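The values are calculated or read from the model by the stated rules, or taken from the named source; none is laboratory data. Since the model is a prediction, treat every value here as computed from it, not as a measurement. Quick reminder, even Gly has a Cβ in these numbers, built from the backbone with ideal geometry, and neighbours come from all protein chains shown.
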Amino acid sequence: MNARALAASAALLLLSPALGAPPAAAQSAGIPGFRSSGTLVVQMNVQGQPLNVGGRVAMYHKGSLYRLDVLSLGIPGLSGDLSAVAAALIGPGGVSVLYDGATGALTAWSDTNKTYYSETPRTAPAASAPAVPANAAPASGDPLAALAGVGALLRDVQNATIQLTGHGMVNGHPATSLDVQMKRQRPGKPLENYHAQLALADDLNEFPLQIALQSVPATKNDFGGTMKLDLTDVQRDTPADTLFAVPQGYTRVSSISGVLHR
């Protein structure tokens with residue numbers, strides 16, 4: 001599985017509501033800091049047969065940083081032995097994944113193994129604007145800057161459609177539902193195909209409470225299948241900075257499998 005491709009595609013789709021917003025609205029919106037809990041289900045194809053892997057998760061957000069904790073893991077509908085194998089994969093302490101939306105950096109660590117893996121983009125981020133502090137309010141008087149931001153987001157997108165599918169309550173929040181289809185091709189990379197359905201919390205600056213993402217693999221080593229994230233409990237908060245850093249004393253490994261291996 002290409003973990004970077006999965007994280008990057010999910011992050012890009014998180015930003016998709018801004019594509020259809022007026023410049024001032026897109027610039028003034030900002031996802032607040034929060035902590036949340038819910039479920040994550042991934043369906044993969046194994047020798048032509050679908051296999052569901054699901055578990056409990058927690059997610060934290062502050063500034064450009066997102067942390068996802070996989071707290072438990074199992075294989076619904078199959079034998080207890082296989083679910084036990086899946087649970088052993090992450091260990092009793094779970095696995096944490098950190099994604100920096102500003103740099104594209106991806107980090108994962110295991111409290112059970114006391115190991116971590118870190119991966120950064122091979123090329124510099126496309127945006128050259130200076131970093132904005134997490135607590136700084138976005139500017140609202142420069143529509144050309146907002147337009148440039150949308151253009152940067154679309155630079156590698158071949159085509160995309162965003163369709164409003166309705167409004168209603170989702171997990172206790174008033175939400176707007178969208179259907180997003182997108183084809184993206186980065187320089188020198190194969191074409192990527194994504195289809196997502198999102199429920200955006202209107203009272204949390206349109207943060208996605210639910211994401212159903214389908215990815216068509218570009219190569220046999222890339223992620224292909226579906227992923228559904230359902231955050232059933234989301235609360236505004238200012239998580240501590242320590243939540244977004246690898247704990248001290250952990251050993252760096254050369255691959256994500258080194259984090260999972262026990």
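Please find, within region 117-136, the residue that is modelled with the lowest pLDDT out of those that are hydroxyl-bearing (Ser, Thr, Tyr) and over 26 Å from Ser72 (Cβ atoms).
Looking at the filtered set, the residue picked out is Ser128.
Of all residues in region 181-204, those satisfying the criterion of being at pLDDT below 85 and either polar (S, T, N, Q) or in a strand (DSSP E or B) (or both) are Met182, Lys183, Arg184, Gln185, Glu192, Asn193, Tyr194.
Does Thr238 meet the test of being touching a strand residue (DSSP E or B) at 6+ places or on another chain (Cβ under 6 Å), surrounded by fewer than 16 Cβ atoms within 10 Å (Cβ to Cβ), closer than 23 Å to Val70 by Cα and touching a residue at least 40 places away in the same chain (Cβ under 8 Å)? Considered against the rule, which asks whether it is touching a strand residue (DSSP E or B) at 6+ places or on another chain (Cβ under 6 Å), surrounded by fewer than 16 Cβ atoms within 10 Å (Cβ to Cβ), closer than 23 Å to Val70 by Cα and touching a residue at least 40 places away in the same chain (Cβ under 8 Å), Thr238 comes out as no.
Within region 88-116, the set of residues being buried (at least 16 other Cβ atoms within 10 Å of the Cβ), at pLDDT 85 or above and of a type outside the set (Gly, Ala, Ser) comprises Val95, Val97, Leu98, Tyr99, Asp100, Leu106, Thr107, Trp109, Asp111, Thr115, Tyr116. In region 69-87, the count of residues that are of a type in the set (Ser, Thr, Tyr), at negative phi, modelled with pLDDT under 80 and surrounded by fewer than 15 Cβ atoms within 10 Å (Cβ to Cβ) is one or more.
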